[in-house]
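*Asks:* Before I ask anything, here is the structure I am working with.
Taken together, the values in this text are just the output of simple stated rules run on the coordinates, not laboratory data. Just so it is clear, the structure is predicted and the values come from calculations on it, not from any experiment. Glycine also receives a Cβ, built like all others from the backbone with ideal geometry; neighbour counts cover every protein chain displayed.
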Amino acid sequence: MIERTKSGIQGLDELIEGGFPKNFCYALVGGPGAGKTIFGSQFIYNGITKYNENGLYVTLEEPPYSIANNMMRFGWNFYELENRGKLALINATPIKEPDQTNYTLKGEMVTEEFNVDGLLGLIAEAKRKINAKRCVIDSLTALSLKYSEDFEARQQSLKLIRGLMEMNLTTLLLTEEFEESTDRKKFSAVEFLAQGIIYLHIYRIRDFIIRAVEVRKMRGTKIINKLCLYDFTDQGIVVYPQETIFRNI
Ligand SMILES: Nc1ncnc2c1ncn2[C@@H]1O[C@H](COP(=O)(O)OP(=O)(O)OP(=O)(O)O)[C@@H](O)[C@H]1O
Ligand SMILES: [Mg+2]
């Protein structure tokens with residue numbers, strides 16, 4: 001039996017035989033506003049509050065306080081979890097100033113000069129400190145964009161993914177859509193190294209925006225091969241496995 005890490009996201013785990021096989025990296029792919037940050041935060045929050053698994057949130061785009069503030073509206077208090085030593089936020093964005101108008105993230109870890117070895121060091125340290133089992137990288141695309149050469153971007157992404165797998169973390173790699181990218185080589189490392197890929201699609205049909213989850217691959221797992229609607233609710237993302245896209249056009 002494969003040990004699985006439940007996302008706790010309503011409707012999602014049943015698409016992947018109950019959860020993500022433990023200790024691998026998974027790509028969560030979607031365009032701007034698809035809900036990657038919310039999904040990743042929910043994975044971490046549920047891990048801590050429902051499954052007793054502490055988590056690391058590594059941000060390369062949005063500063064940690066911004067994510068923490070935005071997640072408050074779902075009732076997910078990252079400040080409190082961080083204070084209780086259950087969550088560690090790693091700030092690898094260029095924005096290092098805390099938001100003085102809000103609570104402070106006491107243990108926020110900060111990358112100085114950015115490089116993947118330094119980042120892996122911080123992740124390892126944070127993991128040890130709070131005994132983390134889950135991790136989110138937000139986003140892998142932001143990491144790729146730090147390198148002007150595609151080759152270098154791919155090498156560094158590979159290094160990060162390998163490092164995370166060696167640490168036995170179950171990790172979501174948030175990734176901008178690479179399928180339609182003209183510059184797809186930049187993102188292809190994730191396609192073969194990730195143990196699984198989940199897409200968050202957004203379709204425009206007539207006057208409607210339709211959001212659908214697709215599990216593209218999940219090694220060692222019998223997946224449900226259909227597009228299932230998802231939405232944002234006051235409790236975060238909810239997936240509707242019974243609601244396929246065709247029923248709603
Ligand atoms: N409570 C809510 N109800 C409905 N929609 C919401 C709610 N909270 C956030 N959203 C929507 O979720 C989207 C943002 O999700 P999120 O930040 O997770 O996207 P993302 O995929 O990380 O985007 P980016 O690529 O810009 O980082 C926004 O479009 C926002 O309007
Ligand atoms: Mg985001």
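*Asks:* log₁₀ I(q)/I(0) of region 1-69 at q = 0.18, 0.24, 0.28 Å⁻¹, via Debye over equal Cα point scatterers, no solvent, to two decimals?
*Replies:* -0.76, -1.28, -1.50
*Asks:* Please sort 54-65, 156-167, 206-217 by packing, taking for each peptide the average over its residues of neighbouring beta carbons within 10 angstrom, highest first.
*Replies:* Ranked from most to least packed, the peptides come out as 54-65, 156-167, 206-217.
*Asks:* Highest first, please rank the peptides 118-124, 71-77, 229-235 by the mean number of other Cβ atoms sitting within 10 Å of their residues. Provide the component values of the computation, followed by the final result.
*Replies:* Details: 118-124: 17.9, 71-77: 15.9, 229-235: 14.1.
Result, highest mean Cβ count within 10 Å first: 118-124, 71-77, 229-235.
*Asks:* Charges at C-beta only: +1 for Lys and Arg, -1 for Asp and Glu. How large is the resulting dipole of the chain about its Cα centre, in Debye rounded to 20?
*Replies:* Dipole size: approximately 780 debye.
*Asks:* Setting aside same-chain residues fewer than 8 positions from Lys22, which lysines have a Cα under 22 Å from its Cα?
*Replies:* Cross-link targets: Lys6, Lys36, Lys50, Lys86, Lys127, Lys129, Lys133, Lys159, Lys217, Lys222.
*Asks:* Hey, can you grab everything whose amide H is under 5 Å from the amide H of Leu145? Only 5+ residues off in sequence or another chain; H modelled, so Pro and N-termini drop out.
*Replies:* none
*Asks:* Place a +1 charge on the Cβ of each Lys and Arg in region 1-121 and a -1 charge on the Cβ of each Asp and Glu, then give the dipole magnitude about the Cα centre in debye, rounded to the nearest 20. Kindly include the intermediate steps, with their values, before the conclusion.
*Replies:* Working: 10 positive and 15 negative charges, 80 e Å.
Dipole size: approximately 380 debye.
*Asks:* Taking H placed 1.01 Å from N in the peptide plane, check which residues at least 5 places from Lys226 or on another chain put their amide H under 5 Å from its amide H.
*Replies:* Hits under the 5 Å cutoff: Val215.
*Asks:* Now, a different point. Beta carbons within 10 angstrom, averaged per residue: use that to sort the peptides 195-204, 5-14, highest first.
*Replies:* Top of the packing list down: 5-14, 195-204.
*Asks:* If you take the beta carbon distance between Glu14 and Glu97 as r and set R0 to 51 Å, what does 1/(1 + (r/R0)^6) give as a FRET efficiency, to the nearest 0.05? Don't jump to the answer; show the numbers that get you there.
*Replies:* On the way: r = 42 Å, r/R0 = 0.83.
About 0.75, to the nearest 0.05.
*Asks:* Hey, another quick one. Taking just the alpha-carbon atoms of region 22-197, what radius of gyration and Dmax come out, in angstrom?
*Replies:* 15.0, 44
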